[in-house]
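Shown next, in structure tokens, is the structure this report addresses.
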Amino acid sequence: MSRVPITLACWDYDRTRALEDGTVTVDGVDLTYLRLPVEETFFRMLRHGEFDAAEMSLASYVTKLAAGECPFVAIPVFPSRAFRHHGIYVHTGAGIREPADLAGRVVGVPEYQLTACVWIRGILADHHEVPVASVRYRTGGMHAPGRVEKQALALPPGIEVAPIPADRTLADMLVTGEIDALYAPRTPRPLREGNPAVARLFADPRAAEERYAAATGIFPVMHVVVLRADVHARLPWLARSLTDAFTRAKAVTEERLDEVAANPTMMPWLYDDVARVRGLLGHDFWPYGLEANRHVLTTFLRYAHEQGLTSRPLSPDELFPASTREEHVV
């Protein structure tokens, strides 16, 4: 029986490795897994639609969906999740000692619409009294100059976003104090190198993130998986087949987390960390599917609308086709 050739662009995750190495197959599909860095995948899929399916920024997807011009159909698979308190960096001479001190400051972001930055702004507004419009945002490359927004934005009045000079980087401007703080998904190089001019806002970010998780029940979703709309129209069964395959691949990794006789990772206390995470977030702490993520997605969609990225509030049900929202019962 012939199988449909499908290209999938996705990063090298433990939870997707069984798909990449063929341990888990996709029903009806001859899968080519392209292991690409996330920024490259997003750019090539958003600008050129090069792949049949791909990992995609959640913010980019919902922005296009709300605008009514979305060339993609998403499935409720979330290959990337991350808490984001650790992604707030400050210039140590700026006098920023607590989140409320960010109000009125100039803050760098690689792109305003980055999913990580949407979460950070939302968390700061909801839990630390830092309204989104109280900060002036500056966009640009973290370590290389010239980065621009992947999508055109039509932000409401009151939210100030402007690019940094074309020959500058956010990391350098944070060191010099030309920006007071930085929200970013990646750690800036000056912090990794021990530059005393740069520090995290939260001295103990894990403790802050665990308090947030305990209070909200949220483990923030960063990325979703999308199919090109034309591929979905031609192969409507593929959305469910891919969803099921990603779920089986994740189960392979989850089973390995409990292996202690021969540790599959280099982390010596993985068993303790797994127990700690499950105690906080539940046994299935990285769930796929709509219902298990409804609260997380509802919160993100509210943030996206409040921050001017979507012209109307979306509901989680709008994000995925019906075939992936419903469970079949045998």
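The values are calculated or read from the model by the stated rules, or taken from the named source; none is laboratory data. On a predicted model such as this, the values are computed, not experimentally measured, just so you know. Note: ideal-geometry Cβ built from the backbone for every residue, glycine included; neighbour counts use all protein chains shown.
Give region 53-70 a look and list any residue that's among the small types (Gly, Ala, Ser) and in contact (Cβ under 8 Å) with a residue 60 or more places away in the chain, or say none.
Listed by number, the residues that qualify are Ala53, Ala54, Ser57, Ala59, Ser60, Ala66, Ala67.
May I ask you to verify whether Val73 is crowded, with 23+ Cβ neighbours inside 10 Å and at pLDDT 95 or above? Outline the logic, then answer.
Working: crowded, with 23+ Cβ neighbours inside 10 Å: yes; at pLDDT 95 or above: yes.
Yes, satisfied.
Is region 292-315 home to any residue that is of a type in the set (Asp, Glu) and surrounded by fewer than 17 Cβ atoms within 10 Å (Cβ to Cβ)?
Scanning region 292-315, I find no residue that is of a type in the set (Asp, Glu) and surrounded by fewer than 17 Cβ atoms within 10 Å (Cβ to Cβ), so the answer is no.
Would a scan of region 127-147 turn up a residue that is of a type outside the set (A, V, I, L, M), outside any loop (DSSP other than H, G, I, E, B) and either in contact with a helix residue (DSSP H, G or I) (Cβ under 6 Å, 6 or more places away or on another chain) or closer than 18 Å to Ala82 by Cα (or both)? Please lay out each step first, then the result.
First, the residues of region 127-147 that are of a type outside the set (A, V, I, L, M): 127-129, 131, 134, 136-141, 143, 145-147.
From what is left, the residues that are outside any loop (DSSP other than H, G, I, E, B) are 127-128, 134, 136-139.
Okay, now just the ones that are also either in contact with a helix residue (DSSP H, G or I) (Cβ under 6 Å, 6 or more places away or on another chain) or closer than 18 Å to Ala82 by Cα (or both), so 127-128.
Yes, region 127-147 contains a residue that is of a type outside the set (A, V, I, L, M), outside any loop (DSSP other than H, G, I, E, B) and either in contact with a helix residue (DSSP H, G or I) (Cβ under 6 Å, 6 or more places away or on another chain) or closer than 18 Å to Ala82 by Cα (or both).
Would you mind stating whether Leu242 is of a type outside the set (S, T, N, Q), farther than 20 Å from Thr115 by Cβ, touching a residue at least 40 places away in the same chain (Cβ under 8 Å) and not assigned by TED's automatic domain parsing to the domain that holds Arg17?
No: the conditions fail for Leu242.
Restricted to region 1-43, and to residues that are hydroxyl-bearing (Ser, Thr, Tyr) and in contact (Cβ under 8 Å) with a residue 40 or more places away in the chain, which residue is surrounded by the most Cβ atoms within 10 Å (Cβ to Cβ)?
So, considering only residues that are hydroxyl-bearing (Ser, Thr, Tyr) and in contact (Cβ under 8 Å) with a residue 40 or more places away in the chain, the one surrounded by the most Cβ atoms within 10 Å (Cβ to Cβ) is Thr16.
State whether one or more residues within region 176-193 are in contact with a Gly (Cβ under 9 Å, 6 or more places away or on another chain), of a type in the set (A, V, I, L, M, F, W, C) and more than 25 Å from Ser57 (Cα to Cα).
Yes, that holds for at least one residue.
Can you run down the residue pairs with Cβ atoms below 7 Å, 6 or more apart or on separate chains, where the first is in region 87-115 and surrounded by fewer than 17 Cβ atoms within 10 Å (Cβ to Cβ) and the partner is in a strand (DSSP E or B) and modelled with pLDDT of 95 or more?
Short answer, once both residue conditions are applied: Thr92/Val198; Thr92/Ala199.
Within region 250-262, is even one residue crowded, with 19+ Cβ neighbours inside 10 Å, at pLDDT 95 or above and assigned to a helix (DSSP H, G or I)?
Yes, region 250-262 has at least one match.
In this structure, is Gly122 in contact with a strand residue (DSSP E or B) (Cβ under 9 Å, 6 or more places away or on another chain) and not in a loop (DSSP other than H, G, I, E, B)?
no
Considering each of Val73, Val77 in turn, give the residue that is of a type in the set (A, V, I, L, M, F, W, C), in contact (Cβ under 8 Å) with a residue 12 or more places away in the chain and assigned to a strand (DSSP E or B).
That would be Val73, the only listed residue that is of a type in the set (A, V, I, L, M, F, W, C), in contact (Cβ under 8 Å) with a residue 12 or more places away in the chain and assigned to a strand (DSSP E or B).
From Leu191, Leu201, Leu182, which residue is over 21 Å from Ile123 (Cα atoms) and in contact (Cβ under 8 Å) with a residue 40 or more places away in the chain?
After applying the criteria, what remains is Leu191.
Which condition number in (1) under 21 Å from Phe43 (Cβ atoms); (2) more than 23 Å from the chain's Cα centre (by Cα); (3) assigned by TED's automatic domain parsing to the domain that holds Ala74; (4) surrounded by fewer than 20 Cβ atoms within 10 Å (Cβ to Cβ) is the one that Val231 fails?
The failed condition is (4).
Restricting to region 30-51, name every residue that is of a type in the set (Asp, Glu) and in a strand (DSSP E or B). Break it down stepwise before answering.
First, pick out the residues of region 30-51 that are of a type in the set (Asp, Glu): 30, 39-40, 50.
Within region 30-51, just Asp30 meets the criteria.
Go over the candidates Ala94, Ala67, Ala82, Ala100 one by one and state the one that is of a type outside the set (D, E, K, R) and at pLDDT below 95.
Ala67
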